[in-house]
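See structure below.
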Amino acid sequence: MSNKNQTLKELRNKIDAVDKKMLLVLSERFRLTKMVGKYKAVHHLPVQDKKRENEIIKKRSQLVKKMSLDGKLIASIFKLIFKKVRQNHKGSR
């Protein structure tokens, strides 16, 4: 195996490790939102909190700029997460 391929393999291994960390963090986020959903159900709060969702998008957009990431992509990812969380909350009522 050439040095070039070893470097590619090493980079891909690092990407795999980052992907695993991302999934662990996402799993933790969904665990926490499940707790929020239970709280909302007990306290008869609405499933969706548009103000909170907009605040999150705004704050994450500020972080994204500092990290040189694609703001539209990150906003889309969070919107997908919000959608799934709302589905989970509705399903637990």
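The values are calculated or read from the model by the stated rules, or taken from the named source; none is laboratory data. Everything quoted here is computed from the prediction, not taken from an experiment. Methodologically, a virtual Cβ is constructed for each residue, glycine included, from the backbone with ideal geometry; neighbour enumeration extends over all protein chains shown. Quick note on the areas: whole protein, heavy atoms, side chains included, nothing else; ligands and nucleic acids left out. Shrake-Rupley method; radii C 1.70, N 1.55, O 1.52, S 1.80 Å.
Check whether at least one residue in the stretch 26-37 is in contact with a Ser or Thr (Cβ under 8 Å, 6 or more places away or on another chain) and surrounded by 11 or more Cβ atoms within 10 Å (Cβ to Cβ), and report yes or no. For the stretch 26-37, residues in contact with a Ser or Thr (Cβ under 8 Å, 6 or more places away or on another chain) and surrounded by 11 or more Cβ atoms within 10 Å (Cβ to Cβ): present. For the stretch 42-75, the tally of residues that are surrounded by 12 or more Cβ atoms within 10 Å (Cβ to Cβ) and either touching a helix residue (DSSP H, G or I) at 6+ places or on another chain (Cβ under 7 Å) or in a helix (DSSP H, G or I) (or both) stands at 11. Out of K40, K4, K14, I need the residue that is among the basic types (K, R) and touching a His at 6+ places or on another chain (Cβ under 7 Å). Which one? Exactly one of K40, K4, K14 is among the basic types (K, R) and touching a His at 6+ places or on another chain (Cβ under 7 Å), namely K40.
Evaluate the following for K50: is it more than 24 Å from Q87 (Cβ to Cβ) and modelled with pLDDT of 95 or more? Spelling it out, it is not the case that K50 is more than 24 Å from Q87 (Cβ to Cβ) and modelled with pLDDT of 95 or more. Among residues of the stretch 69-93 that are closer than 16 Å to K50 by Cα, those with a beta-carbon under 6 Å from a residue that is open to solvent by 70 Å² or more (accessible area, probe 1.4 Å) and not basic (K, R) at least six positions away or on a different chain give the pairs R86/Q48.
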